[in-house]
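What follows is a single structure, written as structure tokens, with notes after it.
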Amino acid sequence: MTISSSLNAGVAGLSVNASRLATIADNIANSGTNGYKRAVADFHSMVIESGSGIYSAGGVRVTTQRLIDQPGALATTNNPTDLAVRGRGFLPVTTGAAVGVDGAGDLPLFLATTGSFRTDADGYLRTSTGVTLMGWPANADGTVPSFPRDTGAGLEPVQVNVNQFTSEPTTRISMGVNLPGTDTTAGSAGDTRQLSIEYFDNLGTSQSIDVAFTPTVPPSGDPASNTWTMVLSDSAQNGAVIGEYTVEFDDSRTGGGTIQNVTQGVPPVGGGWNSGTGTFSVDVLGGPIEIDIGAQGAGSGLTQLSDNFAPTAISKDGSPVGNLVSVEVDANGYVHANFDVGITRTVYQIPLIDLPNPNGLMAHDNQLYSTSAESGSFFLWDAGDGPTGDVVSYALEESATDVAAELTQLIQTQRAYSSNAKIIQTVDEMLQETTNIIR
């Protein structure tokens, strides 16, 4: 009957407003929770077909949804591994319990938009609740190999050894030295000029390439030879000669003091000189090193000017053994390990996950989400590329809750609940009147 339908509608109204109150309570309770996505309750009318002159109340039903695609504001922190996604992407993470059981095996994949990650006792980057960051491991040279983009099979927990040591062997030396032009004139002493250049071997040990420059002194009365013999020896091989070259310098008005030609000794020791790049290669104990003495006519590298012997610019790559001092993540998701000798190595790449329907994700504790049939299949993008946005370090995403809006809805919900309770009270009074008539 119509009165009974009114009673049912009032009861349904109490139920749906209780559900809305629960979402509001959850939102307000998590107003300070980083990465929290607010929940909403939507009401939908239910209609019962009524006859002419008679109306039956169908009531109302409720559906709840978490608005995962609505981001919160980013707040600055002082921890380089506090991460937030600036865009619609998600960080790949897993649970600490799974890592403890399976190590780097097949781990469950979860999604998060932010996290305060720090290294634990085993070097894993995880939050205080055990949420562990995942990424693609880089090769020893810092390059990241190709991994499948439609599955998380290539991902593994990001683990950084805080007691890690590293070094980089020297592979290139740039040698800038001025040789005195007066040494190649008739009557000069012809003294050999010595130069020692440090390099680092494959184990980070300091070694040296010793270079001897010996001028060619012409007979009395002849013009300057402008020629030097350059001999290179390796300290790691007990002074064995690894290169011998004859260097001729230009003495013209336009190119005076620049390299004119470089020839190898007989028999040749070391690689040939490239006149375009100014480089040649020598083999030290640990492998080849490319040495740059300057291109033909360039005026850089080796020069022959004035009467001073002066190493002007000696530079090299490589470094000695260094200790890990910090870990940082850049906007493209690359995890860099920084060492106290100035080396920075890429150890992981953190991709960002994109889905067709983020609001279809299943919500879990600790602001984690997992895929579902409603969310659609995911794809792994490079951060900063595609639709996912980039990674912001030294930042956390704040809660998406607007407390003022929630309190306003709280008042509305309380009024609606009271009104539905009044309907039930009214129906009860009307039924009581009906009962009194029967009596």
Item to check | One residue from D210, D250 being farther than 16 Å from I291 by Cβ, of a type in the set (D, E) and either open to solvent by 40 Å² or more (accessible area, probe 1.4 Å) or touching a residue at least 12 places away in the same chain (Cβ under 8 Å) (or both) | outcome: D250
Checklist entry - When you go through N323, N338, N366 one by one, which is the residue that is under 17 Å from A39 (Cα atoms), out of contact with any helix residue (DSSP H, G or I) (no Cβ under 7 Å at 6 or more places or on another chain) and either outside any loop (DSSP other than H, G, I, E, B) or open to solvent by 40 Å² or more (accessible area, probe 1.4 Å) (or both)? => result N366
Item to check | Count of residues meeting criterion [under 16 Å from T114 (Cα atoms), among the charged types (D, E, K, R) and over 20 Å from the mean Cα position of the chain (by Cα)] in segment 328-382 | outcome: 1
Checklist entry - Does any residue in segment 267-285 that is closer than 14 Å to A240 by Cβ and in a loop (DSSP other than H, G, I, E, B) come within less than 8 Å, Cβ to Cβ, of a residue that is modelled with pLDDT of 95 or more and among the hydroxyl-bearing types (S, T, Y) six or more places away or on a different chain, and which pairs are these? => result G270/Y245; G270/S281
Checklist outcome for this item: Taking segment 7-64 and keeping residues surrounded by 15 or more Cβ atoms within 10 Å (Cβ to Cβ) and at positive phi leaves G35, G59
Checklist entry - Under the condition of being open to solvent by less than 60 Å² (accessible area, probe 1.4 Å) and part of a loop (DSSP other than H, G, I, E, B), which residue from segment 222-247 is farthest from P288 (Cα to Cα)? => result A224
Checklist outcome for this item: The residue that is most open to solvent (accessible area, probe 1.4 Å), considering only those in segment 65-85 that are assigned to a strand (DSSP E or B) and of a type in the set (A, V, I, L, M, F, W, C), is L74
Next on the checklist: Would you confirm, using the coordinates I've provided, whether G204 is touching a residue at least 60 places away in the same chain (Cβ under 8 Å), touching an Asp or Glu at 6+ places or on another chain (Cβ under 9 Å) and buried (at least 18 other Cβ atoms within 10 Å of the Cβ)?
Outcome noted: no
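The values are calculated or read from the model by the stated rules, or taken from the named source; none is laboratory data. Just so it is clear, the model here is predicted, and its values are computed rather than measured. Virtual Cβ from ideal backbone geometry, glycine too; neighbours counted across all protein chains shown. We work out accessible area using only protein heavy atoms, side chains counted, and drop any ligands, DNA or RNA first. Shrake-Rupley method; radii C 1.70, N 1.55, O 1.52, S 1.80 Å.
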